[in-house]
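Visitor: A single structure is presented below for examination.
The values are calculated or read from the model by the stated rules, or taken from the named source; none is laboratory data. Values in this document were obtained by computation on a predicted structure and should not be read as measured data. Quick reminder, even Gly has a Cβ in these numbers, built from the backbone with ideal geometry, and neighbours come from all protein chains shown. With ligands, DNA and RNA removed, areas are computed over all heavy atoms of the protein, side chains included. Shrake-Rupley method; radii C 1.70, N 1.55, O 1.52, S 1.80 Å.
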Amino acid sequence: MSEKFYITTPIYYPSDKLHIGHTYCTVATDAMARYKRLQGYDVMFLTGTDEHGQKIEDRAKEAGVTPQAFVDKIVTGPKGVVDLWKLMNISNDRFIRTTDGYHVSAIQKIFKKMHDNGDIYKGKYVGKYCKPCESFWTESQLVDGKCPDCGREVQDAEEEAYFFRLSKYADRVQHLLEDTDFLQPRSRVHEMVNNFIKPGLEDLCVSRTSFTWGVPVDFDPGHVVYVWVDALFNYTTALGYQNDEYQDFDAFWPADVHFVGKEIVRFHSISWPAMCWSVGIPLPKHVFGHGWLLLDGGKMSKSKGNVVDPYILAEQFGTDALRFFLLRTFPFGSDGNFSNELLINTINVDLANDLGNLVSRTTAMVGKYFGGTLPAARQADPLDDDLLAQASALRGNYEEQMEKYAFQNALAEVFKVISRANKYIDETMPWVLSRDMEANGARLATVMYNLLEVTRICGVLLQPFMPERMERLFAQIGADEGVRTWDSAARFGALPAEVSVVKGENLFPRVDVEQALAALDAAAEAAKRAALPPVEVEPQLEESVDFDTFCSCDLRAVKVKDCQAVKKSNKLLCFTLDDGTGTDRQILSGIAAYYKPEELIGKTLAAIVNLPARKMMGKESCGMLLSAVHTEHGEEKLHLLILDDAIPAGAKVC
Ligand code: ME8
């Protein structure tokens, strides 16, 4: 039976749409999960949403919907959390929502267990509360009187509440952080110990009575469980701890690693181990606190309005290029400055120039010199040695970095070898060898084979980062399933000697910087407009008419036989219509800004046909076509009333 590996992302607050910062952590977790699967582990990858708390309750109230309807829309609605993970090709095995019934009842049992064992007691909470962060603070923890995490105003809070005896675990937590590799990277340990433990770890307020959107404390109505207790235990309830929904707790717990953003390391490295000790379950093996993606030097956050939309980026550059960029560019443990220019540059340099060129040059040369299939004859040369040595060492170097969650370094190892392979083409000069195939055929085949092998090995190791593009790469270089494996990445020579390549489309087209930046601006602008109320309907309705007057309008279905722009007019289109009488009817309509004439030919429209004829631009118009007019984002929009084609010309519209 294969070894287990359990990895998690934080569960996201569905208070707003997710941005590229959230995407960063989930893509990193996905790459790690895929890497472990590649190595042969039986992987459990959990993500989900953290749906309770006052912030959600408030946001739902503002939106005039129930909290459940509010979170449903953001989690499972169009372009919500679930859709985003699909778009980003996230391979999670499980998705937990903290509003799932099994989780709610498990949290009640867990809370009771901690209460019954004496770790939760009732007291009075007096302190400060940061609503956006859902965090309680003592006076001494505030920075300039504000929330130490987000810098926003805090409010006074005083209420009857349950407390978790966190202080009791202070020494154990300090030992865990200082003397083990539980918390990574190491640089985070100092911060936790100095800022939170040394000043004196206080008991944690773990219930609230001032709002209701949470897991009810079943033995004390009126209290709901503090959102962080509810949230942290998701890592265990999603496996079946204290519930019957799943049966994977024994197999997968303790987690191998929780990936979390640096501002929530505090909860994961101090409160979480203490809670695990309290209920008597083993601790997760590691917590890794990654850095933030910054925009203009500050953390992206919806409340600051400086977010970057992953949908727009993935649609513009492709999912794999975006995934790759996030992990290639920023060291996972540190903050990084996001910019569109950096993204485009990474795509152009690494993917289009280095990897894309290697693949397209190699497959083109195998096609040109050997008709797509290499002969078996070989002739080695000392020129090959360095490339082969680097390719053979690659898997080990890559693994060493991946085991440290150093994605950027692992990718740097791969791209060192890709660059080396491009240089090898220049050194071996295949185009010179090809001039005398009889003398150099075996040598040329060796050069080509070496290039294909290096490409294959790099492709295997890039799979966790760009799963979809690497499938296409394998198809082009003739690497079937058996040589896409972890084992085969350590075996130079795994491709069959007489391998066949298929020249395919360019895997990573070069991005035109200016065009792409302009398209991104336009897409962001369109997204902003789409977020406005969709349609502004004219509030004023016309005065009423009597029924007979209305009935005197002769409304008919008409079929468009021809439609032409009217010369010298940029408004008018001239329609030749079948109105069912057997004689063509001509109507002029001022809709040229909305329709091209040719797209209307053959359509069935509605017209008033008993208006007196009138002349426009020297042409007679006998009637009027009906359309709907409204204003959208300050712009007038018009839609002709297009009827079902089954309606015959001349049918009365009433
Ligand atoms: O914290 N760069 O949820 P959340 C990098 N529900 N990472 C970022 C980021 C950025 N600009 N912005 C956000 C929560 N993140 C809790 C977790 S787990 C039991 C409960 C990361 O939706 C952030 O650091 O506010 C966090 O790890 C994750 O997105 C979810 O943030």
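Visitor: Any residue that is surrounded by fewer than 15 Cβ atoms within 10 Å (Cβ to Cβ), among the charged types (D, E, K, R) and outside any loop (DSSP other than H, G, I, E, B) - is there at least one of those in the stretch 346-354?
Guide: No, because not a single residue in the stretch 346-354 is surrounded by fewer than 15 Cβ atoms within 10 Å (Cβ to Cβ), among the charged types (D, E, K, R) and outside any loop (DSSP other than H, G, I, E, B).
Visitor: Out of (1) more than 26 Å from Gly333 (Cα to Cα); (2) at pLDDT 95 or above; (3) in contact with a Phe, Trp or Tyr (Cβ under 9 Å, 6 or more places away or on another chain), the odd one out for Ser167 is which?
Guide: Just one mismatch for Ser167, condition (3).
Visitor: So, one more: Could you grab me the full set of residues in the stretch 47-69 that are part of a helix (DSSP H, G or I) and either open to solvent by 20 Å² or more (accessible area, probe 1.4 Å) or within 13 Å of the ligand (Cβ to nearest atom) (or both)?
Guide: Those that are part of a helix (DSSP H, G or I) and either open to solvent by 20 Å² or more (accessible area, probe 1.4 Å) or within 13 Å of the ligand (Cβ to nearest atom) (or both): Gln54, Lys55, Ile56, Glu57, Asp58, Arg59, Lys61, Glu62, Ala63, Pro67, Gln68, Ala69.
Visitor: With the checklist (1) more than 14 Å from Leu358 (Cα to Cα); (2) open to solvent by less than 10 Å² (accessible area, probe 1.4 Å) in hand, flag the one item Thr455 doesn't pass.
Guide: For Thr455, the failing item is (1).
Visitor: May I pose another question? Please count how many residues of the stretch 608-630 are part of a strand (DSSP E or B) and either open to solvent by 60 Å² or more (accessible area, probe 1.4 Å) or among the small types (Gly, Ala, Ser) (or both).
Guide: 9
Visitor: Right, here's the next one. I need the full set of residues from the stretch 227-240 which are more than 8 Å from the ligand (Cβ to nearest atom) and either touching a Phe, Trp or Tyr at 6+ places or on another chain (Cβ under 8 Å) or not assigned by TED's automatic domain parsing to the domain that holds Thr9 (or both), in order please.
Guide: Val229, Phe233, Thr236, Thr237, Ala238, Leu239, Gly240
Visitor: Can you run down the residue pairs with Cβ atoms below 7 Å, 6 or more apart or on separate chains, where the first is in the stretch 584-613 and over 16 Å from Ala628 (Cα atoms) and the partner is polar (S, T, N, Q)?
Guide: Asp584/Thr576; Gln586/Thr576; Gln586/Ser621; Ile587/Ser621; Leu588/Ser621; Pro597/Gln564; Ala613/Ser621
Visitor: Hey, can you tell me all the residues within the stretch 595-607 that are in a helix (DSSP H, G or I) and either among the hydrophobic types (A, V, I, L, M, F, W, C) or surrounded by 15 or more Cβ atoms within 10 Å (Cβ to Cβ) (or both)?
Guide: Matches in the stretch 595-607: Pro597, Leu600.
Visitor: Moving to a separate point now. Scan (1) assigned by TED's automatic domain parsing to the domain that holds Phe415; (2) touching a Leu at 6+ places or on another chain (Cβ under 7 Å) for the single condition Leu495 breaks and write down its number.
Guide: (1)
Visitor: Return the total of residues in the stretch 254-293 being within 15 Å of the ligand (Cβ to nearest atom), in a loop (DSSP other than H, G, I, E, B) and within 14 Å of Asn234 (Cβ to Cβ).
Guide: Within the stretch 254-293, residues that are within 15 Å of the ligand (Cβ to nearest atom), in a loop (DSSP other than H, G, I, E, B) and within 14 Å of Asn234 (Cβ to Cβ) number 2.
Visitor: Also, quick follow-up: Here's a check for you: in the stretch 199-216, which residue that is in contact with a helix residue (DSSP H, G or I) (Cβ under 6 Å, 6 or more places away or on another chain) and open to solvent by less than 10 Å² (accessible area, probe 1.4 Å) is farthest from Glu159 (Cα to Cα)?
Guide: My answer is Val215.
Visitor: With respect to Glu202, is the statement that it is modelled with pLDDT of 95 or more, away from the ligand (no atom under 16 Å from the Cβ) and in a loop (DSSP other than H, G, I, E, B) true?
Guide: Here the answer is no, as Glu202 does not meet what is asked.
Visitor: So in the stretch 15-46, with the set limited to residues that are more than 8 Å from the ligand (Cβ to nearest atom) and modelled with pLDDT under 95, which one is surrounded by the fewest Cβ atoms within 10 Å (Cβ to Cβ)?
Guide: Here the answer is Asp16.
Visitor: Go through (1) touching a residue at least 60 places away in the same chain (Cβ under 8 Å); (2) open to solvent by less than 10 Å² (accessible area, probe 1.4 Å); (3) away from the ligand (no atom under 11 Å from the Cβ) one by one and return the number of the condition Thr8 breaks.
Guide: (3)
Visitor: Also, I was wondering about something else. Show me the helices (runs of 4 or more DSSP H) entirely contained within the stretch 405-464 in which 2 or more residues are within 16 Å of Leu327 (Cβ to Cβ).
Guide: Because the criterion is at least 2 residues that are within 16 Å of Leu327 (Cβ to Cβ), the helices (runs of 4 or more DSSP H) in the stretch 405-464 that meet it are 407-428, 437-462.
Visitor: Moving on to the next point. Asp72 fails exactly one of the following numbered conditions: (1) more than 13 Å from the ligand (Cβ to nearest atom); (2) in a helix (DSSP H, G or I); (3) in contact with a helix residue (DSSP H, G or I) (Cβ under 9 Å, 6 or more places away or on another chain); (4) not basic (Lys, Arg). What is the number of that condition?
Guide: So Asp72 meets the others, but not (3).
Visitor: Please give the number of the condition Gln247 fails out of (1) among the polar types (S, T, N, Q); (2) at pLDDT 95 or above; (3) within 16 Å of the ligand (Cβ to nearest atom).
Guide: (3) is the only condition that Gln247 fails.
Visitor: May I pose another question? From the set of residues in the stretch 92-119 that are of a type in the set (D, E, K, R) and in a loop (DSSP other than H, G, I, E, B), which is most open to solvent (accessible area, probe 1.4 Å)?
Guide: Looking at the filtered set, the residue picked out is Asp93.
Visitor: Select from the stretch 217-269 the residues that are open to solvent by 40 Å² or more (accessible area, probe 1.4 Å) and among the charged types (D, E, K, R) and write down the one among them that is farthest from Asp181 (Cα to Cα).
Guide: Top of the filtered list is Asp218.
Visitor: Return the pairs, sorted by first residue and then second, in which the second residue is part of a strand (DSSP E or B) and open to solvent by less than 40 Å² (accessible area, probe 1.4 Å), the first residue lies in the stretch 132-150 and is assigned by TED's automatic domain parsing to the domain that holds Ile264, the beta carbons are less than 6 Å apart, and the residues are 6+ apart or on different chains.
Guide: Phe136/Gly127; Phe136/Tyr129; Phe136/Cys205; Trp137/Lys128; Thr138/Gly127; Cys147/Cys130
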